[in-house]
Amino acid sequence: MIVTALIVAAGSGSRLGGDVPKQFQRIGAKSVLAHAVDALASHPRVNQVRVVIGKGQEALAREALGQREVGELIVGGVERSDSVCAGLTAVEGDVILVHDAARPFCPPDVIDRLLDAFAGHDAAVPVLAVADTLARSDGKLGEAIDRRNAVRVQTPQAFRLDALRRAYASWAGEAPTDEATVARASGIDVVAVEGDVMLDKLTTAADWARAEFFQEARMI
Ligand code: C5P
């Protein structure tokens, strides 16, 4: 079974409004993208890593990646799902792990749990329980959502490559924010495995502070 990791790094969002997209900025000695690539490439069950970048980001990406072996860089699109679809047409393998570059730290146990869950299934994703109260809101607070029935869904997300390609081909909705949504809509059973707070996405300044703490404390 060939396992290919596809890291989507084509976003334009930057840390605190700077010029350089956040995936190319550094945490400690290396870029966010390099952390994500290393976390997946160093796993013994991952055979290859490919990276999707934005148009015009080649120089930034090459600098951020250094000598890491990721094959030819794949050019993504306007939405995250466009970038994933560009990746799906370019990669090979039996199983694909679709991962956000903006989640630089991926504990190896999570990858093991995802791949172990594959017996008898076409898809597995990491999830975490929700600690806060959840409620609908349109500015004014609406009804509460029972948090015991809700989870936070992270990446990497694991799929049989051909199944995910078929699922995207039949997707007719708006740009989805992850692949589990697309897979479920096409009738694929998506198994949920335990995620990890280390996988939380870098979005706010507090997320960066936490990531720098993880790095300095050698928790990754
Ligand atoms: O912005 P968002 O949180 O959705 O980004 C999640 C991941 O998707 C990031 O790693 C980002 O670089 C990537 N992305 C992408 N192509 C886009 C938008 C986001 O590869 N058009």
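The values are calculated or read from the model by the stated rules, or taken from the named source; none is laboratory data. Quantities reported herein were computed from a predicted structural model and do not represent experimental measurements. Every residue, glycine among them, receives a Cβ derived from its backbone with ideal geometry; neighbour counts consider all protein chains shown.
Side notes on the structure shown:
- A135 vs. criteria in contact (Cβ under 8 Å) with a residue 12 or more places away in the chain and either part of a strand (DSSP E or B) or in contact with a strand residue (DSSP E or B) (Cβ under 9 Å, 6 or more places away or on another chain) (or both): no
- Some residue of the range 129-141 being within 15 Å of V190 (Cβ to Cβ) and more than 16 Å from the chain's Cα centre (by Cα): no
- The residues listed here are D38, D19; of these, the one that is at pLDDT 95 or above and of a type in the set (D, E, K, R) is D38.
- Failed criterion for D189 (all others in (1) without any contact (Cβ under 8 Å) to a residue 24 or more places away in the chain; (2) over 17 Å from the mean Cα position of the chain (by Cα) hold): (1)
- Residue in the range 199-207 that is assigned to a loop (DSSP other than H, G, I, E, B) and without any contact (Cβ under 8 Å) to a residue 12 or more places away in the chain present: yes
- Filtered residues of the range 1-16 (kept if in contact with a Phe, Trp or Tyr (Cβ under 9 Å, 6 or more places away or on another chain) and at pLDDT 95 or above): A9
- Checking each residue in the range 58-76 for being part of a loop (DSSP other than H, G, I, E, B), surrounded by 14 or more Cβ atoms within 10 Å (Cβ to Cβ) and more than 10 Å from the ligand (Cβ to nearest atom) picks out R68, V70, L73.
- For the range 7-20, the set of residues classified as over 20 Å from F214 (Cβ atoms) and either without any contact (Cβ under 8 Å) to a residue 12 or more places away in the chain or near the ligand (Cβ under 10 Å from one of its atoms) (or both) consists of V8, A10, G11, S12, G13, S14, G17, G18, D19, listed by residue number.
- Selection within the range 21-56 - free of Cβ contacts under 8 Å to residues at least 60 places away in the same chain and among the basic types (K, R): R26, K30, R50, K55
- Matching residues, the range 21-57, being within 14 Å of the ligand (Cβ to nearest atom) and either surrounded by fewer than 15 Cβ atoms within 10 Å (Cβ to Cβ) or acidic (D, E) (or both): K55, G56
- Of all residue pairs spaced 6 or more apart or on separate chains, those with beta-carbon atoms under 6 Å, a first member in the range 67-92 that is touching a residue at least 40 places away in the same chain (Cβ under 8 Å) and over 20 Å from R166 (Cβ atoms) and a second member that is near the ligand (Cβ under 8 Å from one of its atoms) and part of a helix (DSSP H, G or I) are G76/S83.
- Positions within the range 77-121 being closer than 20 Å to L202 by Cα and in a loop (DSSP other than H, G, I, E, B), in sequence order: V78, E79, A101, A102, R103, P104, F105, C106, P107
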